[in-house]
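Every number in this text was worked out from the coordinates using simple rules, so none of it is lab data. Every value quoted in this text rests on a predicted model; they were computed, and no experiment measured them. Positions of Cβ are generated from backbone atoms using ideal geometry, with glycine treated the same way; all protein chains shown enter the neighbour counts.
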């Protein structure tokens, strides 16, 4: 057969990468748990009609659909043919594909809440760390299978939830060593107030989409786009004034109050942003009225976390408040607020800034070299005693040249080799060699556990 | 839209279930790490041709195939049509589906080893804990999406690997409290010797398949099946003698030596089983020559772990040695041995025997009740101090009736409520109420962390 390969846009994660990813996941999970969030896991597959129509026309095209099994079964053939005809016209049909891979964690979460709302305890604080799949064109930093990390509180309108989410960003990024991360906040209500100033909310989408591109195309580009989207010169003038609000958080608040502070939406939005800014205490937030976030369903506070300015990475997290999580599943009125971490990007940032701690790499603590048939049998029993006490170790089971065993240990980044030859067995000790420095110590068997246990306490994992 | 639902044979895992599953996963993972295995993760999707033809005709039918995206695109339509025609005749074609969901962890592992063998360090010890998908008819205990936990050592023929794998079963089941698990061992070589006695290895498959059913259909059933499979009365007689070998491990070994001890395969198989029995020390293994294990690729030692006899569950793990992991991917001669844990069944066994530890349930340690606007703002700052020190807690953000807050805490199984009213703020203390017993203590704010920290140490997680 052809050379084996994996699908474009997917990845194998070897031990080193798994460990580094787990370091990020467990840092995020611990923060979520610390704040009272509970884990949820939903299946990789969802019914197709749960997903279709939830991500816009472009999103629908990127959903991986699973072919129904048994389409060659005579009783299914007609249905499959009819489904295939529909698929060729760009429609999706459960006659050909009943199931699909989940595209994000939000819609499956909404589906879960709608299915179980009678049993759930509200406010419901859940977090979810799972892979999702998108048939996007793969490119640097964009994969077809990637992991999302979301936390949401649903069924509570209190702004204290927003304060807690900002604190979670702060906690996670600080634990990861990303002291210089930026956390931008805004409220969709202020953007609503702006559109009202521009003559009505009918233009909300156009304005949001254009503003969302500010980072990429600059102010001139946004103005051009707004004109193309049939806004008048006067309207564009108002938006320009809005986009050039600048200064410290306090100064921006003062300017924005003058601009949109008279409308109901403006007042509410300003109150939200101001409250969040005041209550987050030592969490450094930057009020940024140009923050729009593309996702349609946000209705209140919006968040965006950015990597430290010394790396060119942009957004490493985002979120916001929504009014109606489950309306699409016939359960209206469920409000909530949530955030998400972009793990793949965070990984690249930590790699670039060399922020993964050394301990992340360690697997096996020590290797017992194989010094012969009888020697290795003896060493095996010593090894089992270490393992029983929790020291991770292994033995080279084949009796081969020591250089080969050395090279194995080095490639696996094992720090210590334990050498037990016939002389050592006789005299009741072993040699412990640090494979990095070459330093060697004589340790009696009875002290071997203490030796490694003390090392462990010196560099805690 | 219709009432939301999830695909048949899939499950949502709520917090309680996720925590219990993670308890099992982390017990297994720790054991693998203790024995020097390294984690590997492969994508959910594999190229279709990596999977097809590897699981037999029945297996192929159970693979979930992913419809190619963009089949309605004019430049793809002809290809898709041709692929669909093939699919209707029961063939799979990359013109319609290039990718599929992985069916087990072994073939993706073999594909990984074949792709990366130049970079890997042999012997290569890897473990993998990931979901797999099968379009099997769902039934009790059988799901379409379920998690496998595998550990394999490839590139080493030493029987010490088998000894270690038996030890891992012992360690994991003991940690989980399943003291009475059974671990059966055999060698495929002994089965080979038996078939040789019956006139040649051409009948190996028939004999293995029939013996594999012994538990289900009994000796009479196996004999009947063997006759149906065109074995002679004389051959069936030999097999009957083989299947009735009984007694202690030592007695069984003595009997089997008489039966198949003269052939080369028999000698080797007996040596393997005897060695494993002798070297596993305090690990209780049961030699069972009727153990066959259906999977074709095993060539040496085979393992099967069974749940304690007081639960009707059968196999909760299995594995064995194979000669040629990657031959299907043009890399012959890679030998190895591996084991697997059946997590869903282990979950059911622990549930039935009530073996999940109490700590598994705990998420949030304490809830701060909301006693009013000003009070909750004060309590929030106290809460943040606890969180900073690692105590997981939360606050009811809405100021609602205490009974409602109580009920929320109880449903979420939170053990302690912390009550801070205006009087408490004034006098610098809070009330800590155990929600199970109703007992209440007065704790000054400065001692609150110590209070929870001491509790934590009393019941370690």
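Some notes on this structure:
- Size estimate for the range A:162-203 follows the Kirkwood approach: the inverse of mean 1/r over distinct Cα pairs works out to 12.5 Å.
- Of all DSSP beta bridges in the range A:357-461, antiparallel share, percent nearest 5: 60
- Helix axis angle, A:373-388 relative to chain A longest principal axis, alpha carbon, degrees: 40
- Placing a label point 7 Å from Cα along the Cα-to-Cβ axis, residue A:445 is separated from the same position in the other copies by 5.9 nm, shortest listed first.
- Extension gain (nm, one decimal) between residue B:122 and residue B:403, 0.36 nm per residue minus Cα-Cα: 95.0 nm
- Two-site FRET efficiency, residue A:22 against residue A:94, from Cβ-Cβ distance with R₀ of 45 Å, rounded to 0.05: 0.75
- Over chain B, relative contact order from alpha-carbon pairs under 8 Å, at least 6 apart, %: 14
- Debye log10 I(q)/I(0) for the range B:297-369, one point scatterer per Cα, at q = 0.16, 0.20, 0.25 Å⁻¹: -0.73, -0.87, -1.06
- Distances between every pair of Cα atoms in the protein assembly as shown, grouped in 10 Å steps from 0 to the bin holding the largest one, split as 2, 10, 17, 21, 20, 15, 9, 4, 1, 0, 0 percent.
- 5 Å binning of all Cα-Cα separations within the range B:363-458, expressed as whole percents from 0 upward: 3, 14, 27, 29, 20, 7, 1
- Computed from the alpha carbon positions, the gyration tensor of the range B:56-114 leads to an equivalent ellipsoid with semi-axes of 25, 14, 8 Å, biggest first.
- Label geometry 7 Å along the beta-carbon vector: residue B:11 inter-copy distances in nm: 3.0
- In range of the label at residue B:180: residues from the range B:308-337 whose backbone nitrogen is under 19 Å from the point 7 Å along Cα→Cβ: B:308-317
- Quick note on the range B:219-305: its Rg to Rh ratio, both from C-alpha atoms and Rh being the Kirkwood radius, is 0.98.
- Sorted largest first, the principal axis extents computed over the alpha-carbon atoms of chain A equal 93, 69, 45 Å.
- Estimated from helical segments only, the mean residue ellipticity of the protein assembly as shown at 222 nm is -13000 deg cm²/dmol, where each DSSP H run of four or more residues counts as -39500 (n - 2.57).
- The long axis of helix B:74-88 is offset from the longest Cα principal axis of chain B by roughly 60 degrees.
- Here the simple spin-label model places points 7 Å from the Cα toward Cβ, and for residue A:76 and residue B:262 these points are separated by 5.4 nm.
- Relative to the other identical copies, residue B:205 shows label-point distances of 5.9 nm, where the label point lies 7 Å from Cα along the Cβ direction and values run shortest first.
- Full-extension gain in nm, residue A:220 to residue A:360, via 0.36 nm per residue minus C-alpha separation: 45.8 nm
- Pairs of Cα atoms nearer than 8 Å and 6+ residues apart set the relative contact order; for the range A:363-458 it is 29 percent.
- Two-site FRET efficiency, residue B:442 against residue B:11, from Cβ-Cβ distance with R₀ of 35 Å, rounded to 0.05: 0.20
- Overall form of the range A:92-178 per C-alpha gyration tensor (a/c, 1.5; a/b vs b/c): oblate
- Sites residue B:286 and residue A:388 - FRET efficiency at Förster radius 25 Å, r taken between beta-carbons, to 0.05: 0.65
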